[in-house]
C-alpha cells in the first residue's frame, strides 16, 4: 500500500527531460540557475564527478574542482529544478565507485585517464 504511494510521489518528483548518461570519473559542465533578488541567471560549474548516491528522486552526485588553489565540492540532486543542462566534457576511466582519494592529491597525480565512450545521439524531433 505505502509502496504504491511512494512510487507515485517518486514519479512526480522526477525530471521530465532526460539528462545525459554520466558516471563517476567523468568531467561535467553543469548549467545552474542562480537567483539574485528578483533576477535569475545561469552560472556554469565544471568539475569531476567523485560520487553518486541514492536512487530515484533522491539521487545526488558530487562534483569536485580546484578553484584558486582550494578544492571545492558541490552536491547536486539529479532532479533539481535549478539544473538547466549537464554536458559531459570527457569520460574518465576509473575503477572505484567513489573518488574521495582525489581530495588528497593535486597537480598531475589528480588526473584521471580518459575513456573512449560513445555518447548516445538524441533522436531528432
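Classify the stretch 2-106 as rounded, prolate or oblate from the Cα gyration tensor: take a ≥ b ≥ c as the square roots of its eigenvalues, call it rounded if a/c is under 1.5, otherwise prolate when a/b beats b/c and oblate if not.
Judged from the Cα gyration tensor, the stretch 2-106 comes out oblate (a/c at least 1.5, b/c at or above a/b).
For the chain, the longest principal axis of the C-alpha atoms and the axis of helix 2-13 are separated by about 70°.
A Gaussian network model of the chain, with springs between Cα atoms under 10 Å, assigns the largest mean-square fluctuation among 17, 55, 36 to 36.
Across the chain, Cα pairs under 8 Å and at least six residues apart give a relative contact order of 26 percent. Compared with the direct C-alpha span, the chain from residue 33 to residue 19 gains 3.5 nm at full extension, assuming 0.36 nm per residue.
Treating r as the C-beta distance of residue 57 and residue 103 and R0 as 30 Å, the FRET efficiency rounds to 0.60. In this label model, residue 115 and residue 84 are separated by 3.0 nm, measuring between points 7 Å along each Cα→Cβ vector.
Build a GNM of the chain with springs between Cα atoms under 10 Å apart, and of 34, 86, 112 the one that fluctuates most is 34.
Where only DSSP H runs of four or more residues are counted, the chain gives -3000 deg cm²/dmol as its mean residue ellipticity at 222 nm, each run worth -39500 (n - 2.57).
If you find the alpha carbon centre of the stretch 71-88 and of the stretch 1-44, how far apart are they in angstrom? The stretch 71-88 and the stretch 1-44 have Cα centres separated by 7 Å.
Taken together, the values in this text are just the output of simple stated rules run on the coordinates, not laboratory data. Remember, predicted model here, so these are calculated numbers, not experimental data. Note that each Cβ is placed from the backbone with ideal geometry, even for glycine, and that neighbours are counted across all protein chains shown.
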